[in-house]
Every structure is written in structure tokens, then in C-alpha cells.
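Right, one structure below, let's go through it.
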Amino acid sequence: MKPGWKVQLVISGAVIPLCALLVASHISLASTQAKRVEFNSEILPILKAHCYECHAGEKNAGGLRLDNRASAFKGGAGGPSLVAGNPAKSPLLDRIMGLGGKPRMPIGFAPLTDAQTVLIKTWIAQGADWPDASRAKKHWAYINPVKPAIPTVRNAAWIRNPIDSFVLSRIEKAGLKPAPEADRTTLIRRLTLDLIGLPPTVAEVQEFLADRSPNAYEKVVDRLLANPHFGEKMALPWLDAARYADSNGFQQDGDTFQYVWRDWVVKAYNDNMPFDQFTIEQLAGDLLPNATLDQKIASGFNRCHLLNGEGGAIAEEQRNVILFDRVEVTSTNWMGVTMMCSQCHDHKYDPFTMKDYYSLMAFFNNVPESGVPPGGGQYRIADPWIEASSDSEKATLKELDSKFSDLDKTVKEMDKDPAKNPMGKDPAPELKAARDRRQSAQRDRDNYKNNLPRVMVMSDAQPRKTYILQRGNYLAPGLEVTSTTPAYLPAEPADFPKNRLGLAKWFVSRENPLTARVHANRIWQIFFGLGLVKSAENFGVQCELPTNPELLDWLAVQFREGSKASKNLSETAPWDMKALIRLIVTSATYRQSSKVTAQLWERDPENRLLARAPRFRMPSLILRDIALSTSGLLNDKIGGKPVYPYQPIDIWEGLAITKERDFTYPQSKGADLYRRSLYTFWRRTVAPGNMFDASVRNTCKVRTSSTSTPLHALTTLNDITWVEASRNLAQHVIKEHAGSAPGMIAKAFQIVCARQPEKTETLALTRIFNRATAEFSANQKSAEAFLKIGDSVRDASIPVAEHAALTAACLAIYNLDEAMTRE
Amino acid sequence: MNPEFEERIGVTRRQFFGKSATGIGVAALASLLQSEGIASPTPGMLAPHFAPKAKRVVVLWQGGAPSHVDLFDHKPGLMEKNGQQVPDAILSKARLSTMTAAYKNHPVLPPIRPFKQYGKNGTYLSSLLPHIGGISDDICLIKSMHTDAVNHAPGVTFFLTGSQVPGRPSFGAWATYGLGSMTNDLPSFVVMTSTDVGRTCGQLFFDYYWGSGFLPSKYQGVRFRGEGEPVLYLKNPEGMSPELRRQMLDDIAELNRRRLADYGDPEIETRITQYEMAYKMQTSVPDLLEIDKEPQHILEMYGPDVHRKGSYARNCLLARRLLERGTRFVQLMHSGWDQHSNLDTQLELQCRDTDQPSAALVADLKQRGLLDDTIVLWCSEFGRTVFVQGDIKNPAGHGRDHLGSCYSIWAAGGGFKGGYVHGETDDYCYNVARDPVHTHDMQATLLNQLGIDHTRMTYRYQGRDFRLTDVYGKVVREIIW
């Protein structure tokens, strides 16, 4: 940020920020006039966005074309439009400013902003340099990264691995110093939350504090990377990216069995599946030779889309919506660019054409699907799908089947026995009973079978022709195209199959400039809140430039190619996800304290320099997990059918209009109430009420949003989940750490926040306890009502007032900023 | 507008509040500034592009799609065409849903109830809408609406978010993002839903109809529910008194302030403020819902249904109470008009339940001087076919299918021309004949009334500057003053 900005911003403060910003933007523009304006990055995007609608290609209103140098300088019917070095004699400038008595350009659209106008004026004044397309500098993200040299730094003692050299070099250039290392308690809480999404136990903290060995920290990292909850934590952002949910969306919103795919993701992370395989199996597992059941399940990635089963839905229209969605999700996820613009026209900024878009769509256009799910019942599974029962499910089905067959046999035998089945008379009571038993066995078997997973997967069993659709309209096909990767990027080798498998292999080939960068950045983002490229969803021309491009490239190549052992670096295989994560979390950069001084905040509010560790609130899904695990309620079973934890009773009430099935929320009982949030049934039309700020899982989302609103506060203060957790946490400390109130409160604090509270903190929390004790002692009924919240059973031996008062104190602890934050 | 710009404003605000943290409390400071008239509770990300005509919006969503043929688009000539085929030339221009796309016969079903003239300007409306007729001089009736969609969910999503595919920010989210809030005690964007009494209409309301898409999630609409708790998690846990909660919040704030002093992260300051606002909402929302405090004559304006929780009438009254307390955007979503096979009974029932309250809301806002700067928009996803769906001889089982190529909506207040009828359709209420208004045009016009140039309110996401109106839309000057 330029000094001019800062002064303006601080002086005007919140009172008239907009005016201040407008003034500031003028000032900053004025001050950049001396700076050389770059045609390709600054002028061309303006022309593309505002002029090319009428002045490019075959469209040349007034005879003017602005899409190449010669035509632009030659001008249109009215003569030359540009005079290099002379803005006053360049009619183009007059027209965009609306001078000279002619209509302001672009006609019918918003005028250019002052900033854009100034930029064009400056560019003309500086000589209107318009490089040939062939000389145009390629956008950085489309150039294959090579491993840059590791920079030397002054404070070499700080370096733990190459990441730190890149970060410190940048920090030193800014004249700053890195923050000191965070204290050990903060570190283990940070690591544990980041890697498995749960806080450390008191014993784990103590063990780490007591371990004075030089690799104590790395031991914790390795323990957590091997923990099966690691896969659950890593799966969360991937499910957002894959717009995963447990229902189809839209009016009928039928349930699906895609949870089998979700379990595949968790397992892949836990098994440290190399990222190239992770990519190939999800994009084309079904096309692998002798594909296994798991590989077919993996291809469910491209079947996690919405499905519209509305009465009048036009199948072909919906099928095209699904195809668009696959292009969008795939290009955002692997290329870090959105192709959406090219659905209707060539991309205005990035080098992608409509032909590229539909050639990419052609990869997904061979699925034997109609576009709409079948009607009827709770589950609506659209073709193609596979049965994916687990061994134990198969065994149970077999059992139920044979139970039915046995009963059937018995009934049939009795039917033949005239004593039991006399002609023209009522059957004997024992036959009647046997028939009833058979009927119920049949019902049990059929119900069970109907609930066995049928996973929607990909298949290329129905080859179709693909056409460029004019303005994205499926009723207006144009030229035919074939499956091809975007022309601007390095072509796929000739021996790659011309199908999704070839596409997947191309994404993870060494020639692809995007995939490794995009994913190194996404993994970085998990641990630092922001990516090195902040616009994690867009690496195209309009992206936010990387703050540390050398670090990004180094990480990308390191990730893609692995490395031999060297100084500060152990040997790793290509595409090794755990190795990349280990590298990140063992860096000195990651281990810094997240405390920030006012000066540093002012200098770098977004922490782009990384001269401190980031500090951010955990996602709501993890906040719930924290409450469950610290209160001892957590059922840490991994995988399986989604569950239905507490929701306001009538949460699905609005859906009950659909009479074809019962939409009453089938709240779970017992241990299923306390599964990790990852396993909560995700209905697309009504997301879980207490999972605020979460992706709604309708479109691909690769950046998390963290906001702070009163509604979030109400959730963690009042939802059963947090009140019940507080009661159980209170019960735990009363039973296990009986003693003075301050002592028990300090213990509860330690369980949630990992550190021992300071005296003043214990004092404040004890004040809540004391007031609550007074109130609950005077009003036993309130105390009892408060303690009745949640299904878990209370230990009745604990005095009611004490238990309720300590519950109130624990609820306050869960609502501390610190408890919700990874510091 | 791009996110970077937004963040700079955010930073400014944080810096400002951050500096004040040691002295005067943030909330106190904000309200101090507010009472001095120099700061709104939360400024929008955008200054209006020009002087706004309106600062509040209430959308009266008529879900399921009311029949414009029966209610608004008066074509006396249809009576003599009863049972005759709609000419192919008329039919060929519009896309139909799969329910009737394969129909070979398209016999005309004329309006099932007579039309009447209302108001000084003599606007023709169905005799089933006497109350809306009573305010006809205040409404701007647009008979030439048309949309790209022919099915409900895509149609609703298109009207309310600008795209048929879910995931874009809703109109209300854009408006509150752009203009900010006018109250600290209530949400800026509130949604309430109602359904027809018999639940004959299969239309559901999905939360992406009021979602924030790629805008920060704080701009999404807050649903006030008819049954149970009006706002999720609003009530203190059973057994916890307001006094105990108050003290608890004070102690939480004290501990958070200590953490702020240690860590310096302004996000902590934000959290403290949000917890305080949460507490305020716990009183302001129940107060809002106490409609019994309204005088008898006001309750009577909205009709007897106002006493039924979750009814459209009650929601209309609550909308007025919200708007006068500073909520910027209220979206009422009513479901009941999808009359494929029960037009004969349901049309009348839906009119009975929505006519009086809709008109009452307009009149009530007007008598309080709020109508001038409040847009009341009565609208739906599309209209219905003039030809019958089902057997024309069986009124008990027939109705009309969806029609996107033309339909009617109306707007009142906020600078929309009262007593004006815009646009003409062909003889069959099937295609627009004059002055078409596309969904994006209407969105552009609504934003225009809020002081926003729809081409300039953009948000950069995935490298693209998104708008509510995509790359389309033009302000319809004829329908505004």
C-alpha cells in the first residue's frame, strides 16, 4: 500500500470512508503517472471488457477494430483513433470520455471509470506501446514453473527448511523481522486443530511440554499425520470443492448415497494417495483398465452435482446444466481458472475460446444419463450408478435373505399340508403366524436392500457428438468439436487416450503449468488461511498476483516432482501430499507466534508477508467437533452413512409439502448424535442450521469464508450442541477433578483452550459460576430445565445447582474468542 | 467494486475501531456516531451511484406462478374463443415445460372469473382482486414481463439471483452488500415464508433464494420462521435467565478484551460487537413479533388471517414492522399458485389469502409516509398458459401450465409510476406484443431505484466481475417517475 493511501484512510476513518477512498484513488493514480503503463496487463483487459463487443473480429462498428495494433492505429471511418504520445489528438480518448459532442463510448454500457481513463491517457502519452501478440509476455501462471534458487538471507539461523528462506527473504526485503516462535502450548493446539480438526487432550499437551528432545515437535507432526482423523480434516475443503452433498437439490431433493465417495476421499488422504493418482481416479477411475470398485467410486467426484427432478424439467436442458457444472468444477479445481465465460464467448481475459470450452465439455458428454433423476421414494439415484455395499452390509443382506427363504420354505410346506391349510376353510393359526413372519422378513429384507448404497459414478458408455452451443444455448448447436484440452496450453501427448483418462493424465503431467501450483496453493491455504495466490479459484490473468511467486513455484515443483534428500529436506516422492504438508507445518514460518503489533497490523493487515502466523476462527463444522471432543461426547467412528444430529425440530418443515415422502427430520439417537460434523446429513435445499459460514455445496467452492455475525453468536450460545457439551464438560471436571470452583473452572478452560488460564481469567469465569449458583440455588426448576438439554444422561449424583452453574461457566468458555480460534 | 476495495474499507473500519478499543466501547461509539447522523450502523460497500428513489424493498413473492390470464391481462376477446385452438403461430414462439410440450391440442380456456375496472385510471383486474383494485392508482402494472425459465426452481432462482443455476448472490444480498444496514438491532435482510392453507402447491423455498452466493455470508437473508423460534437459536437455553445471560456476556467480553490486548487481532473486537448485537436481537425480535400491540383497525386492514402464525397476512404486517424499524430488504415467499389441475378452486382461495394483505401493506406504508421510499414488488417466476392443461370440460381437474414468454407483475412505491399499465401482449396473453420487460430489465430497474447502476455494481469472483444482471438488462424508464 502506498503511503498516500494510508494517510487518507486513517484520517477519514470510518466516518466517510468512501469519499476518502475516492480521493485516495485519484491521488494514487496521479502518483503512478510516472510509472510505465503495461499494455498487456493494464490496457488490453480494458479494451477487451469494454470495446470488443463492437470493435473486434468481424464486428467493426464505424469501421474500427481495436483487437490488433495496425487496425487500431489506422482507425475507422473517422480517421486515426490513436496518436502515439499525444492524448489530446487521440479521438479514442475523447469518445470514452464523452467529449466532442458525440455519444460517450461504450454506447449503452457503463462508461469507463476515471481510473481506467487515466490509465489509457497515460499509456497514449507514454507512446501507446502496443506489442505484437507474438512478443506479448505470457501470463506467469501459463508458464511451466521451474524450481527457483533458494535465496540467501541474513538471519540464516532462523531457517528450518527452504520455505523459510523464501519467506524470510521477502520479510527482510520489507525491513521487518519474523515473529518469535509461538509457545509450545499454542503450537500443539495449532498443529492438532490444523491437522486433525480436533484440539489436543490435556495429556497430549503435557507430554509435548515434557518432551525436551530436539525433534519433539516433529514427533507430534508425524503422530498427527498418521492419525485417521487427518483424512477427515483434509476432506472438508475437498468436499466443498466437489460440491458434495447427500441430496440432489431442487424440488424433490431426493437422497443419494454419495457418502461412499466421501469415505473414499477420507481414506485417500489417510493412505497418502499421491495427488496424481488422486486426480486420475476421481476424474477417470471408471476408465482405468480393470477398474476396481474403489476406482469406480472415486469417479463419483463428477456426479456430486445437483439434479433437478421437478415435474416439468426438460431433461436435455438439465443434462447441459450438469455438463456446464462438470466443466466449471474441473477447470476451477485443477486449472485454477474458470472457463465459464467461454460458455457464451471467447474468454475476455484468459486465452480460452468457446471452442476450448466445448472441447473440454466433450470429455464429459458420453455419460449414459438423461439429465433428470428418476421419480419416487426417498432415494433418487440417476444413471449411471453402481452398487457399493460393504462386506458387512452384504453379509447382513444375505442373512436377511436366507431368513426370508427359510420362512418362505416353511410357509410353502405348510400350504401343501391339508391339516394346516384346509380347502375352503381358514388356515391353521400356526400357518397364519408363519405367513406373518414371512411377510415381515420380506419387508425387513426389502427395506434393508433399498437402503444399500447405490453410488452415482461416471461412465463413457454413451458416446455423443459435442457442438459449440451459441450463447450457451443447448437448442442452438454450432460447429462440432472433439475432446481436446485448451489449445493455448501444452497439448496432451499423442499416446494419451482421447477421453477423461487422457484429460486427467494431462492435468498431472510435468508439462502442465497449472495443476501443481494450484494445489500447492490450496494446501498452503489450509494452514495459512490465505493462499500465496489469494484468489485460489483463479490463477488466470485477473488473479491476485502471488505475494511470493518464487515460493509458490518452488513448492509446486517440489510437490510435483518430489526431491532427493538435501540440506533441510528429506527425500520425497512426487505428488506426496503428506510430505508437502509436513514441510509446511515444520517450517519456522508456520511456527511463528500469531500476536501482532499495531505497527505490523497497519503495515500488513492481511499478513501477506508472513511476518507472523495467521490467526483465524475455525470453521463451524470444526467448532462443533471441538465442543464434542472436549466434552467427552464425541463418537469418533470414521465413515459410513450420514447422521442426523440436533437440528431445530422443524428445520425441514418447509419441505414437507412434497407428499411423495416423509420429510420429517429423522434425528439420530445415542452415539450417532455425536459424530463429527463431516458426517452430518447435508441436504442441499436446507443446510444444517448450526453450520454457519459453510459452503452451501451447490457450486464448487475452493476458498472458505469466515465472517462474524450476531447469528453465529446466537448459535454457539444457545444451540443444544454447545449447551449439552457444556453440561458434559462440567460433569467431567466435577467427577474427575473435584475441588474448589476456581480449580474446576481452570481445568475446564485447560481442556478447551489447552493452556492454563491466568488468575484474572479464572476469576472472571468464577464470577459467572458464583452468580449462576446463586440463581440456580434459588430456582431449582430452572437448574433442572437447563440440565435437561440434550439426550445424554446426567450423573444424578451431582448437586443440581452446582452442575448447572458450572455448565454456565463452561458455556462461556466455549464462547471465548480463543476457544473458537486457531492461534 | 472488487473484494480488494472492500477489504480496504474493512481495514479502515477495523483500524478505526481498533484505535478506539482502549477508550470508548465500540458499540457505544458506533451508536454515538449514528445518533449524530454521521455514520450508519454498517456502511455499505458502495455509495449510491446516484440519488436513490428508494431505500427499502419488500418482495411479495407469489410462488408457483399466478395466472396472468385470469388476474391481470384483460383480453375480452378470449371469451368468444372458448375451446378454440390457440393458433400455431402464437404457440411456436414459446418454450413449454415437458408437462404440455407434447400436447397436440391447445384449446383456449378464457379467464374463469370476470374482470372489473378499478381506480381513477380504470385499470382492469380480476374481480377476485378487489383490494388490489382498491390501490390500483398506486401500482404500476407490468403486463409484458418475460423470462428465460419454464420451470419453478430455475425460474425463481433466475428472478431472485439473476441466474437459473443456484449459487449466485440474491437480489437482497446484493442490495444489503451495496447499501449497508440501517439498524443494529435487526437483520438487514429478512425472509418469511407462507404456504396455501391446503398445501396444494408443491413449491418449496430453498435457502439459495436468499443466499449470498460468493458475497460474504453475512449478506444472506435471515429467515424468520412462522412456527417455533422465529430466528434459529434466538432463545436462551431453557433455564437460563436474561440476567444471567447478560452477566455471562459481560464476562465473555472482558476475557475477549484481554485476549485482544495480548494478540492485537481486530477480529476479536468484531466478535465482541457481534455478541452484543446478538443480545440486542434477543429483545428486538420478540418485540417485533408482538403484533397484538397493533391497533384494531390496523389488524383489520390485513384481514382475519393476520392472527394465524405463518400466514401471508401476518407476514405482510411483520414486513411493515420490520421496514419501519430499519430492515432494508424483506422477502415474503408465498407458495400456492401452481394451478395445473385445480385452477377452479385454488385461484379463488389464493386471491382470498393474498389480495387483502398485499393491498393493506401498500396502504399501510403509504399512510405512514414510508411508501415513497419503499419498493413493494408483487411478482412471480412466470405466468400460465391460456390453453387448458387437462380436460377443458372438467373444471374440477384442469388448470394451466407454466408460461415464461409473458406474464404480469406489479410494483408500488419507491418511484414506480402509480396507476400506470405497461406493455401489451398478443390476443392470447401468450407473447409480448409491445414493450417487453425481461427479468434482467426488471432487476436493473429495481437497482436503479435504489440508486445503483446495475452495470457498475459488480463483485470480482473467479477473475470475473459478476453482476445481478449478468451482462444484460436495461432500466425501464417508462415505469418509473
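A few comments on the model shown:
- Rounded to the nearest 20 debye, the dipole magnitude of chain A is 1700 debye, with +1 charges on Lys and Arg beta carbons, -1 on Asp and Glu beta carbons, and the Cα centre as origin.
- For the range A:176-185, the Karplus equation 6.51 cos²θ - 1.76 cosθ + 1.60, evaluated at θ = phi - 60°, returns couplings of 10, 10, x, 6, x, 5, 5, 5, 5, 5 Hz by residue, with Gly and Pro reported as x.
- Using 0.36 nm per residue and subtracting the Cα-Cα separation, the extra length available between A:Asp391 and A:Glu758 on full extension is 126.9 nm.
- Computing FRET efficiency as 1/(1 + (r/R0)^6) for A:Tyr448 and B:Ala396, where r is the C-beta to C-beta distance and R0 is 30 Å, gives about 0.10.
- Cβ-defined net charge surrounding B:Met182, 13 Å radius [Lys, Arg +1; Asp, Glu -1]: +1
- Estimated distance in nm for a label pair at A:Ala70 and A:Ala785, the labels positioned 7 Å out from Cα along Cα-to-Cβ: 8.5 nm
- Neighbourhood net charge (13 Å Cβ-Cβ; Lys/Arg +1, Asp/Glu -1) for A:Gly478: +2
- Electrostatic tally near B:Val156: other residues with Cβ closer than 13 Å to its Cβ, Lys and Arg +1, Asp and Glu -1, net -4.
- Translational diffusion of the range B:192-237, µm² s⁻¹ [Kirkwood Rh, Cα pairs; Stokes-Einstein; 25 °C; 0.890 mPa s]: 193 µm²/s
- Inter-centroid distance (Cα atoms) of the range A:202-250 relative to the range A:707-743, Å: 23 Å
- Debye log10 I(q)/I(0) at q = 0.17, 0.19 Å⁻¹ for the range A:402-508, Cα point scatterers: -0.95, -1.04
- Given charges at Cβ of Lys, Arg, Asp, Glu: the protein assembly as shown dipole, positive-most of A:Gln295, A:Gln277, A:Leu397: A:Gln277
- Cβ-derived FRET efficiency at R0 41 Å, A:Ser370 paired with A:Glu399, nearest 0.05: 0.70
- Bridging of B:Lys116 to lysines at a Cα separation below 22 Å is possible for B:Lys75, B:Lys81, B:Lys143, B:Lys417, once same-chain residues fewer than 8 apart are set aside.
- Spin-label zone in the range A:344-386 - amide nitrogen under 11 Å from a point set 7 Å from the Cα of A:Leu293 along the C-beta vector: none
- Shielding by partners for peptide A:753-760, expressed as the average number of C-beta atoms from other protein chains within 10 Å of each residue's C-beta, is 1.
- Ranking of B:Ile392, A:Ile622, A:Ile768, A:Ile143 by neighbouring Cβ atoms within 10 Å, starting from the fewest: A:Ile143, B:Ile392, A:Ile622, A:Ile768.
- When DSSP beta bridges are restricted to pairs lying wholly in the protein assembly as shown, around 55% turn out antiparallel.
- Hydrodynamic radius of the protein assembly as shown per Kirkwood, over alpha carbon pairs, in Å: 33.4 Å
- Each residue of the range A:76-90 was assigned a 3J(HN,Hα) from its phi angle through the Karplus curve 6.51 cos²θ - 1.76 cosθ + 1.60 (θ = phi - 60°); the sequence is x, 4, x, x, x, 9, 10, 10, 4, x, 9, x, 5, 9, 9 Hz, with glycine and proline shown as x.
- Given their separation in residues at 0.36 nm each and the Cα-Cα distance between them, A:Asp114 and A:Asp495 gain 132.0 nm when the chain is fully extended.
- Estimated vicinal HN-Hα couplings, Hz - the range A:742-750 in sequence order (Karplus 6.51, -1.76, 1.60; Gly, Pro = x): x, x, 5, 5, 4, 5, 4, 4, 5
- Long-range HN-HN contacts of A:Gly478 with modeled amide H, under 5 Å: A:Ile468, A:Leu469, A:Gln470
- Extending 7 Å from the Cα toward the beta-carbon at both A:Ala88 and A:Lys147 defines two label points whose distance is 5.8 nm.
- Sorted by Cβ density within 10 Å, fewest first, the residues B:Asp401, A:Asp636, A:Asp576: A:Asp636, A:Asp576, B:Asp401
- Förster radius 30 Å - calculated FRET efficiency between A:Lys641 and A:Ser792, Cβ distance, rounded to 0.05: 0.90
- Neighbouring Cβ atoms from other chains, within 10 Å of the Cβ of residues in A:597-609, number 2 on average.
- Cα-only Debye scattering, the range A:111-218: base-10 log of I(q)/I(0) at q = 0.22 Å⁻¹: -1.16
- Amide H partners (placed H, <5 Å) of A:Ser247, local residues excluded: A:Thr256, A:Arg684
- Proximal lysines relative to B:Lys293, as straight alpha-carbon distance under 19 Å, when same-chain residues fewer than 8 apart are discounted: B:Lys309
- Take each residue of peptide B:145-155, count the partner chain Cβ atoms within 10 Å of its Cβ, and average: the result is 4.
- In a fully extended conformation the segment linking A:Asp406 and A:Ala433 would gain 8.3 nm over its present Cα-Cα distance, using 0.36 nm per residue.
- By the count of other C-beta atoms within 10 Å, a proxy for reagent exposure, A:Asp417, A:Asp356 are ordered fewest to most as A:Asp417, A:Asp356.
- Simple rule: put +1 on each Lys or Arg Cβ and -1 on each Asp or Glu Cβ in the range A:363-504, find the dipole, and look at A:Phe363, A:Ile468, A:Leu489; the Cα lying farthest toward the positive end is A:Ile468.
- For the pair the range A:49-123 / the range B:82-102, the C-alpha centres are spaced 47 Å from each other.
- Inter-label distance, nm, simple model (7 Å from Cα along the C-beta direction), A:Ser213/B:Ala433: 8.9 nm
- Here's how it looks for B:Phe387: its modeled amide H is under 5 Å from those of B:Leu109, which are all 5 or more places away or on a different chain.
- Legend: P(r) of chain B from all alpha carbon pair distances, 20 Å bins from 0, whole percents, reading 23, 53, 20, 3, 0.
- Rounded Å value of the spacing that divides the Cα centres of the range A:265-307 and the range A:387-406: 26 Å
Bear in mind these aren't lab numbers, they're just calculated from the coordinates by the rules spelled out. Fair warning: this is a prediction, and the values are worked out from it, not measured in the lab. Positions of Cβ are generated from backbone atoms using ideal geometry, with glycine treated the same way; all protein chains shown enter the neighbour counts.
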